[in-house]
Structures are given as C-alpha cells and as structure tokens.
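Input: a single structure, listed below in structure tokens.
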Amino acid sequence: MGKKKDVASLKGDIEITEHTLPLDDLCRQLRTCPLKGLSHAWAKVMSEKEGPNRLTPPKTTPQWVIFIRNVFSYFGILLWIGAILCFIAYAIQASSSETASKDNLWLGLVLTIVVLITGIFSFYQESKSSAIMESFKDLVPQYARVIREGQRLTLKAEEVTIGDLVEVQLGDRIPADIRIVEAKSFKVDNSSLTGESEAQSRGPDCTNENPLETKNLAFFSTNAVEGTAKGIVIRIGDNTVMGRIAGLVSGLDSGETPIAKEIAHFIHIITVVAFGLALALLAAAIALRYHWLDGVIFFIGIIVAWVPEGLLATVTVCLTLTAKRMAKKNCLVKNLEAVETLGSTSAICSDKTGTLTQNRMTVSHLWVEGGIVDAKLNDDCTSVGVAGYNKRDGYQKLVRIAALCSTAEFKGGQDSSVPVMKRDVAGDASEAAILKFVELAEGSAAKIRERFPKICEIPFNSSDKFQLSIHANNMTDKGCHLLVMKGAPERILERCSTIMTNQGEVAMNDKALDAFHDAYLELGSLGERVLGFCDLPLPSCDYPIGYNFNSEEPNFPLTELRFVGLISMLDPPRPTVPDAVAKCRSAGVRVIMVTGDHPITAKAIAKSVGIISPENETIEDIANRLGVPLSEVSPESASAAVVHGGELKELSETELDNVLRNYSEIVFARTSPQQKLQIVEALQKQGAIVAVTGDGVNDSPALKKADIGVAMGITGSDVSKQAADMILLDDNFSTIVAGVEEGRLIFDNLKKSIAYTLTSKIPEVSPFLFFILFDIPLALGSVTILCIDLGTDMVPAISLAYEKSESDIMLRSPRDPKRDRLVNERLISVAYGQVGMIQAVAGFFVYFIIMAENGFLPQDLYGIRPRWESRAVNDLEDSYGQEWTYVARKKLEYTCHTAFFVAIVIVQWADVIICKTRRLSLWDQGMGNWVLNFGLVFETAVAAFLSYTPGMDVALRMQPLKFVWWLPPLPFAVLIMLYDEVRRWLIRRQPGGWVEMETYY
Amino acid sequence: MVDPKSKKYSSPSKSANNGFKEFLYNTKDGTVMGRTGSSWGKIILFYIIFYAGLASFFCLNFYIFYLTLNMDEPKFQLDESLIGTNPGLGFRPMPDPDRSPDSTLIWFRRNVPSDYLFWSKQLEVFVDETDTGKKDAGSVNLQACTLDNDKRATSITACQVKVDNLEYCNKNNAFGFSRGEPCILIKLNKIYGWVPEPYGFDERDRFSEAQLRDDLDKEIREKHMPVDLKYHILNETRGLDPNTKNFDSHRRMLLSTVWINCDGENVADTENIGQINYYPFRGIAGYYFPFLKQQGYQSPFILVELKNPMPGVVINVECKAFARNVKPDRLARLATTHFEILID
C-alpha cells in the first residue's frame, strides 16, 4: 500500500525552489557557506538526518517467485488443473480396481512435464531481462570532492549530505543535485535526464523557474563535460531528480500485455466449454445409471481431454519465431509477449532526438548575399550542392570563415574512405556540422586552414556569445591578417558596420537589416540553430607580420566588422522516417511526439516527418495566418497542437484528455519525465495501447508504463534499455513500423494456429463421449490423443506462424482490444462446431470400417462396452459369430485407435490448409509456405512411424495399419476444403453478411 | 475537426460488464445469451442443416463401403483379421458381469440353492439352447456327426452338438454344483474358416505313429502339453479298430481333435483340484470345424467335472487347448482359459 502512495507522489513534478532563493538565504537555511562549506559537526547531523546519499534498491522479487509465476501462468494453471484431475482420477481407479489402466497417471505426468518445460523456457526468457535497478547503480558516482570547514576532502559519494559544498570538474559525475555557486566555463551533459544531447553550460545565475531549465542547477549522476564548478548540495539520494525517476521506474507496473489478456480470455472460453460439456456428460452418465464414481472419472476425463496440451508450447514457439524474425530487422524483443503488443498498438509516443532525427547536427541552410540557400546533400552523401552560389564572393568568404573560425577537427586515424558524414569529429555538434559542410562543399577544410594559419583566438563564452580567431594569410606576401568571428547572429550583427550583398560589400542599411531579420526569423521558425559569421581583413600597415595579437586584452578591432552571412543547422530527420510515419498513419496508429526539446524545433521536425501533416495547422498557425490574437481562434478549428511542458503542467486530467481526444496530431515539447508518464497514462485510460520510444533515463518511467516500451540500442542508456520491452538496434523509427507489421501478422497467425489446434479437439473428445453414451468400444485412446496434441499437430500449428499476411495488414486500423479478440465465439463455432465435427465423423468412419471388416458391424457395437472391456470375457461374439478373446479384441481396438489417429492426421492436412486463410481463397493465398508444406509431410511421417515401427504396439499401443485404412478419411479431407472454400467465398461475396457475422474469426 | 479515432476512445458500452444475469437475458436488447430470437433461430437452423448434410455425407460414404461387405463372411479372415488363427477358450458359468466385470471366480455354497443355482442355471440355459437349436434348425443344416461316420461340417451344414451324453453333468443334479462337484463348461472360440491341424501327419500328409510321437513330444517341449494327455491321445489312437472301412478318415478325425486339459494353475491348486473328468470327450472333435457361419451352427463344448475339489480354498484352474496349430498362451489368453473355484 505504502509503495503505491509513493509512486503516486513520485509522479508529481519535481518541486525545487532552492535555485530561485538568493544565495545567502539558501546558505542560511542549510547552515552552510559558499566558501567554506558545512561544518563537520553539522555535516554529521545532516548525514544522520538525511541518510546516505544513494539510491535505495527496490525490493527485488526472488528468482523462485519469478519461476513459480512462470510455471503457474494462465495456461500453466489450466494444465496443472488437468494434471491434478488426472492424478485424482487415477487414484480413484487404482483404489477401486487392481488392474486399473495407468493412462490417467501417464497423462497427468505428461501434462506436468509439458507445463514445467514451458514454464522453465519462459522463465529463462524473462530472467535474462530483469534487474532494472542494477543499471541505475552504474549512474552513481563513487567519490566526491567536498569542502567542509574550508578543507578539501574526498569522500565516498554516499557520505555527501545536504548543504555540502562540492567541487566538480570535467569528467566527474555530479554527486548530488547541486546549486552552482561558482563556475568556470562549466558544461554538463544532461542527456540522461532531458534527452538533449547538447552539452549545456551552467553558471551561478538563476535563469528559469523550471529547475530543469535554469542554469544554476546541476543534477545527480549527470556528467560534467567541461570546466569546473562549485555547488551546494540541495537534494541527495532518492530525493534527487534522478532518484525520483529511479523510484518511479521500479515502482511502476507495466500491467498485462494485450496477448496475455487474450490468452486469459481464450482460457476462459475453453474452460467454460469444457466444464459445460463435462457437466452435461456427468448428468448423462447419472441418467444412464453409471456408478457415480465412474461419472466423476468421466467428468474429469472430458475436462482433461479438452485441455490443449500442445497449445502453450505452440504459442511460445510462434512468439519466439517472430521475435527472432524481428531481431533480424533490428528489433530486439526482451519480453516474448511484447512481440504482439506492437501489432495492437494504437498510439506511438515517440521521442524526437535520435529516433526521428539522426542525432547529428547538419548544415541545412546558408544566408548569403541576401538569399537563403538550401545546403542539399546529394544522394550519396559525398558533396553538398548550393544551387549556383558557389562562385559568389559572399559564399566564398562565408565558407572561409566557417573553415577557420572553428576549433573542431576530424579525429585522427580515420582514412579518407570513411564518408565525411560518418567521420568522428572532436568538437561540439555545431562546429562539427560546419566542418563537415566545408569538407563536403569545398573538398578540404584543412587546405583552407593551411593557407590561413591561426595566430590568435578567443574561445566562445556565454556572456559575449562569439568566438574569434585571427589568421595569417600565406597566399599573399603582404602579410594581411584576417580576423574571423562567429556567434549568435544578433550579437555578431551588432559588431558589424558593413554587410556583404549581391552588390558586394555595402554599408549596413535598413534594407539589409530587414533582410537579415527576415532570414533569421525564417530559419528560426524552421527550428534551426542559426549562427552569424563576419570577418575583417586587417590592414597590413597597422598589423604587420609578427604583430603580437593579445587575446586576453584584445589589441585588435572587435567592432566595425563585415557581416558575411548566416549558417543554420538542424538535426535532420532520418530519411526513412516520413515514410514510416505515413505508414503508421495508414495503419491507424497515431504518432505523438513527446520530446524534451524546444517547441519550435519539435514542431519543425514534426512537420518535416509528417507527424503534423502539411494540411493541418495549430492554433498558433491559424492565428498567424489570419493575423488575429490567439484568444480569438477557436480551439476546434485546429487539428494539430504543440503543447509546451509548462502548459501541460497547468492542465487537469480531463483537459489533457480533451487535448488528446480533440487533436489528431500532437507534439509535446519541453516535457519532463513525469509528464511523459502522464501522457502515456492518459492515452491508456482512453483505451489506447501505447508504445513509447525513448533513449534517456528520463524516458524510462514512460517506457516502463507503456504497453510496450521501445528503447534505442545505440544511443539508449542502460536504464532505458532495462525498462523497455523492446530495443531498436538501429535506433530507427521505421524499424518500429516493421515491428507493428510483424506484431499484427503474428496476431492473425496465432488465430489461425489456435483455430487449427482447437479443431482436432472434437475428434479427440467425441470417441470418449460415444464410449460413455453409446457403450461402444473406445475409438481413440488418451495416448493417441497425446500423440496428436504433442506430436503430429505441433509442426503444422507452428508453421502457420510463417504464413504470409492475406492482405496489406498495414492498411487497416489496429485491432480493437475489446472486440477483436484472439479467440472469439466464431472461431470456436467454426473450429469446434463445423470443421471439428467433420473430422470426428471422418474418424468414426474409419473406426466403423475397421470394426466391420474384422467382423463387428456398427449395430452390434452399440451396447457392447461392458463385455468388451471385461477381462473375464474371453469369447466375445462378433456379427459373424466369431468369438474374440480379450487380447484380440483389444488389439482390434488399438488398431482402431491408430486408424482414428491417422484419420485425424489426414483431416488435419485439410484443416491446416484451410487455416492458412481466413478470408482469401486458397487459390490466391497459394501454397508458398514451405514450412507448412514440410509440416504436412512431417506429420504424415510421424503418423507412419508411430504406426509401423516395431515395438510401438507395446510402447504406445499403436498397431500397424493396412494401407487401405489410410484412405477412408480422404473424402472428408476434401469435404473440409470444399466447405471452407465455400464459406470463405460467401464471406468475400457478402461483406458484413450472415456468414461473415457468424463464422469470420 | 474531430479525431476519427475519438469514437474508439469513447467509453465502451457497459453491456459486457453487467454480469451473468444480463448475459442470460438482456431485457433491453431482448437477447438471450447474447443473441436475439431470430439470431438464435438462424444459427440453429444453420447447424441443423449442416449436421444433416454431414450425416448424409457419412451415410453415403458408409453405404458405399457397406456394398463391399459380405454379410455371410467377414471381409478379413484368419491371419488377415486381427482375430488370428489361435483360438481362445471360454468357460461357463461366469460371475455377474454387472457386479464384478473382471472377475472369474466361481464361488458358491453347496446345498444352498440360492447360491449354486446362479451358476447351474447358466449352464442349463446354455445346454438347453444348444438342444433347442438342434430341434429348430436341425432338419436342414445340422447333421449328427461322429468320428467314424464321415459326416463333417461343410460350407452349408454343421454338426449337432450332443447334449445327451454328459453323464453327471446335467441339469437334474444342477451340474454337480449342489454336491460341490461342479461341472464347468469349456468351449473353443469360433473363428471363421479355422480348422485344427491333426497330429501325426508328415509334410506329405501321410500318417505314421513315429510322426505322432514326434509331434506330441514336440508339444510337450514347446507347449508344455501334459504328459498324460500324450498317452491319452496315443491310447485313443491305438484303440481304433484298423479293420473298419473308413479307418483312415476316422483316425484323421480323431487326431484333428482340439484336445483340452484342465488342471490347477500352481502346485497347490493341483493338489486341491482333485480328480477331473471330461464329458463327453477330452477334446472338441475335428468335425465341428470349420465354422463358416452355417445356419444353426452350434458352438461345440465339453464339460469338465471337478470330482472332488478341496472345499474352502480358492482353486485356480487353467484349461488349455492343444492341436498342431493351437498354442496355449497364458498372457494373451489364447487357447487358455482361467477361472477360480471356491466352494464353501
């Protein structure tokens, strides 16, 4: 109970206010000092009060509990009940007669073995993928440098407590949630928390109310990638942002998979059928004046006979096969049942970075000489086209600055055969993008740099927002130095007095300024990151060769520069994504973007991949187009929405519900981990089956809660991989679509497989019914039933998993989990009521033939059972007056069992062939499933083997059959095929007609 | 614009959750167990037609098969049939099959008619039926066969089973049950077309005494034929008068007998069982064979009298049949029958 409450509180957003307080107030509150840190005494007090700074490991479920859970799954319980009933029946028989047949004992044992083996199999599958908390442990740093009473100490991270002053530098993991008090070009990598891969600078100023966005907080377990900083610890252990996520993840319950629900429903159905029939039989047995104990044995016998022994294994194997097939398509399934979940998915909440996009900044546009140029990468990624601009002076200058004003370099050891786009770059994402652009556009950035060796540079800093370098010019002997600068466009513009236009360099004027602002806005609205570039040739008279440039106290001009142009970059969508999104759309799966990124970027990407389709507008778009304020646009007129995390915070549950209901295309931006979870839960409450993709730790609560969590194999953190059910090995969204397709296919094919397997239950159970009701010798024994269920039926049933889909399954809506069940009454009606009955008749046909050919005509079999079964009767007379010993007639009976068994195999040929399709004609579906064709041969070979191998009469009571006894079931096999072909023809001819309503499963 | 899927997300109709009662009869929709009256009608009609069609298909197939059957003789015979060529042995009387279906214990108290009549009545009925059967059908197809009269079972005629020479085993003394000296009826299972092979004939079908001895010794070795039966057979053979005109066929018929021997199953049983008499003859004569479903065919039998069985103990009795092509097999109960006797 307590745990549930905890999880509920964890779901709320983090409330941190410490960063907004004035530093002095905070220090007073925490009784610390931004210079000397805590006193030892107070640190000890706090340490005792707050406990150690570590993540509490969750209560792990012991392995044996998991094992028991696997062995007693839904299906398992059914088999267990069957087994126990068998043992009870055997005990009753054994206590009443010394010569009781051991059939029930064997049956019970076989059931036990089947359930144990399948249980162990799925336990093995599952145990490979638990231990979520283990991966969180790796995030926790080992040691921390703390200042207490002015002394630097190296403590175990566990000993850090609230109020401690800690010191971090690049390469460290932040040991707790800290408020920065002092920073030197300090940058942290928050990707594990927010999903943003860009390193972010941190400093002492509070820049935002939102703790995740403000600059003066750094969080537990994130990495410091640059610089150094000091900070005051404000949260430790489980109370840290990361700790709360960890707690949330381990506290969340992902619930039952859709396929587990379907299997439970299926078991519910067959249990009802089995008990109904068994009760009817019990009543009949009592009416026929059987001893009540016999009645109980019959009752048990029917229930046990109704258990589909092989189905559990069949379903498990089918799912495993699909999982294997998905793994080949880079979709690794951790939890077998999740294989199907993707197929049922009706909504995908996709992360942006890395999943939809390439997670690789790329130059997309230039603004040069007053025009926006598309930087188009050609198809083989070996060069960039700039549409006729490459001879322009402005363009040449821009590329020169881009090449020079940069600290990025290709990492050594990569030979030129590696495509430029794939090469590793030392330097931040923007510089890498520019470097690659230059390399592709001009052939070699290194050549330009050789020509203009760097003499002096000023690195980027967050207050000035520019980066500058000064280069010598080797081309001319005049010794003309070149100053180049790049940075935030408006800051660069401020420093310029002239601008390059198509008329050459002109003085800054309003027209040029307007053009600049238009371009800047336009590129910004595309969600692109824009950088401005300017340069200035330094006159050689003032700055001769050997001039001592000083970067600390610039002795060169920083203003009156020449503005050259803009370069904008973005993380481009993966090329296959728009197609995949379109496929999802046609498959009725809505794709919702949930990202930690900025709304503008998110929206731009959403538009470019089709999550927001071109014809749809958001409220903001409409307001913009009509030129009216937002408040005047009615929300109903828009079908797309971009929801900011801040807005989301204000929404009530019903409001969020309405948003999800009213807008078909939604982008959630700047969302916190808790909000992701909230979105998933809201969707689930509406009945959707939700897939969530994500790679960061921040995504893991949503991944865990989703019906199917999909983690990224390459960029994904271990935590997200642990929380997910499925891992995309290539991080590619379109792989999900392949997964959806496979999931839908396996659902259809499982239906077929189950229909096939259930059908033979009728011919298996009816001999027992006839045995009791009409007192004829048993036509099929329990050993032969097992031979069918666990022998001949297995391969064909599994082979149906290889059946190709009948129509384009990606053009229909996802199944409605409430209506479109795995097993429904129509499937039962066709399998049990129709095809199964034909099969039973085929079996009895052979049975009566063999009995008649050996002397027992059908009319004389009626009522013969008591004498037939009596060991004392050694001279039972047949229709021709011949007298049969007990052993001889039992041999005859076992021959009938074998023939009945063979008959089932033969009619199951027809059954597996008709189960290939649910709607199409076999003619259209074809016999291209070679596994199935093999299954046909295989089951026949098994049947022949069981019948003709010497010794089988002792081992399994199988008798060799005369060849002609293989033939009588054939007309029935043909009948089954014809009947079902006609049924499907009627379904196709009259969509929605009676035949479809009653028999289409 | 409304999300096309919003309908789907709308709260599901509650009908599914309103419990079993509503499932049985839903007043609102007028459905019984989820279907309306006409829906039930249609589906029931469909299944009636479907099953009627299926039944007709079965009947048609079975009719075609039936045309291949001959009502006068089984399609598969002897070794082709699973009945085989080694006949079983049966005994009468048998315990009540309803009360103890697998029991073979004959248990009764001497001098208590309510006890022994249950057993003796069975024999009475059996013997009487054989007797009346003779009267009904005898005029046409039954003939009085003896070892020396050359009358044999043919495809049309069969031999009468004599019931008048059973000596002490008759209904007037309740087949000996009243006195604690019960007669047990032993019969050989009928197998269509089966005939016993005689002892003493070589491959060329010529009789020689040496061959007979060889055959019998082989039976003793391989089939555990009791030695006294060997001498019984030899004595019977020697006892024939070689001067009669159909001596050869007489001897052949005698040697075609299916010889029967009853004894205790174990040593103790052998001690308890006492003297055993066979009526009318220690075997079933060869002229009764083959059984070819002749009209009025009577199953031949003998009665085995236990002259002085030990009272108060269960005696396991095993009777075996011997002929050249008959091999007793205790496990398969071929040419062997087993029962227990307990006389109180």
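Quick rundown of the values:
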read-out	value
Cα principal axis extents for region A:498-561, largest first, Å	44, 27, 15
Contact order normalised by residue count of chain A, Cα under 8 Å, 6+ apart, percent	11
Gyration tensor (alpha-carbon) shape descriptor, region B:33-151, a/c threshold 1.5	oblate
Relative contact order (percent, whole number), chain B, Cα cutoff 8 Å, 6+ residue spacing	22
Between region A:675-742 and region B:22-97, the alpha-carbon center distance in angstrom	54
Distant-in-sequence amide H partners of B:G283 (H built 1.01 Å from N, under 5 Å)	B:I260
3J(HN,Hα) from dihedral phi, region A:640-654, Karplus parametrisation 6.51/-1.76/1.60, rounded to Hz, x for glycine, proline	10, 8, 10, 10, 7, x, x, 5, 4, 4, 7, 6, 7, 4, 5
Those trypsin sites (Lys or Arg not before Pro) in region A:30-98 that DSSP places in a loop and that have at most 14 other beta carbons within 10 Å	A:R31, A:K36, A:K59
Distance between region A:315-330 and region B:192-250 - C-alpha centres, whole angstrom	75
Loop-exposed trypsin sites (Lys or Arg not before Pro) per DSSP, neighbour cap 10 Cβ within 10 angstrom, longest uninterrupted part of chain B	B:100-203
Region A:467-626: radius of gyration over Cα atoms, expressed as a fraction of 2.2 N^0.38 Å	1.46
Residue-span extension gain [A:N548 to A:W106] - 0.36 nm each, minus C-alpha spacing	149.4 nm
Lysines with Cα under 25 Å of A:K102, excluding same-chain neighbours fewer than 8 positions away	A:K761, A:K890, A:K891
Principal axes of region A:177-266: Cα extent on each, largest first, Å	64, 25, 22
Tilt relative to chain A, helix A:429-442 - C-alpha long axis, 0 to 90 degrees, to 10	80
Prolate/oblate/rounded call for chain A, Cα gyration tensor, a/c under 1.5 rounded	prolate
Descending principal axes extents, region A:422-464, alpha-carbon based, whole Å	34, 25, 15
Region A:389-465: relative contact order in percent, alpha carbon pairs under 8 Å with at least 6 residues between	30
Between region B:261-334 and region A:225-278, the Cα center-to-center distance that results, in Å	78
Shielding by other protein chains, B:32-39, mean Cβ within 10 Å	1
5 angstrom amide H check on A:R148, placed H, neighbours 5+ away	A:L153
Translational diffusion coefficient (Stokes-Einstein; Kirkwood radius from C-alpha pairs) of region A:618-750 at 37 °C, 0.692 mPa s, in µm²/s	201
Shielding by partners - mean other protein chain Cβ count within 10 Å, residues of A:853-860	4
Placed amide H near B:G88: partners under 5 Å, 5+ positions off or other chain	A:T885, B:N189, B:A335
Kirkwood hydrodynamic radius over Cα pairs of region A:848-901, then Stokes diffusion coefficient at 37 °C and 0.692 mPa s, in µm²/s	295
Calculated P(r) of region B:90-232 - Cα pairs past 26 Å, %	48
Of the DSSP H helices in chain B, those whose Cα atoms cover at least 24 Å axially and whose Kyte score averages -1.0 or more	B:37-67, B:113-141
Rounded to whole Å, sorted largest first: equivalent-ellipsoid semi-axes of region A:287-394, Cα gyration tensor	69, 14, 9
Region A:602-665 shape via C-alpha gyration tensor axes, a/c threshold 1.5	oblate
Unpaired by the 4.7 Å Cβ criterion, cysteines found in chain B	B:C59
Cα point-scatterer Debye curve for chain B, base-10 log of I(q)/I(0) at q = 0.06, 0.09, 0.14 Å⁻¹	-0.38, -0.61, -1.20
Low-density loop positions, trypsin sites (Lys or Arg not before Pro), region A:770-816 - DSSP coil, at most 14 other Cβ in 10 Å	A:K804, A:R812
Vicinal HN-Hα couplings computed from phi for region A:337-352 (Karplus, 6.51 cos²θ - 1.76 cosθ + 1.60; Hz; Gly/Pro x)	5, 5, 3, 7, 3, 4, x, 8, 4, 10, 8, 10, 9, 9, 6, 8
Note, ³J(HN,Hα) from phi for region A:966-982, Karplus 6.51, -1.76, 1.60, rounded to Hz, x at Gly and Pro	7, 7, x, x, 4, x, 6, 4, 5, 4, 4, 5, 5, 4, 6, 4, 5
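Coordinate-derived values only; no laboratory data. This one's a predicted model, so the numbers in the text were calculated from it and none came from an experiment. Neighbour counts run over all protein chains shown; Cβ positions are idealised from the backbone, glycine included.
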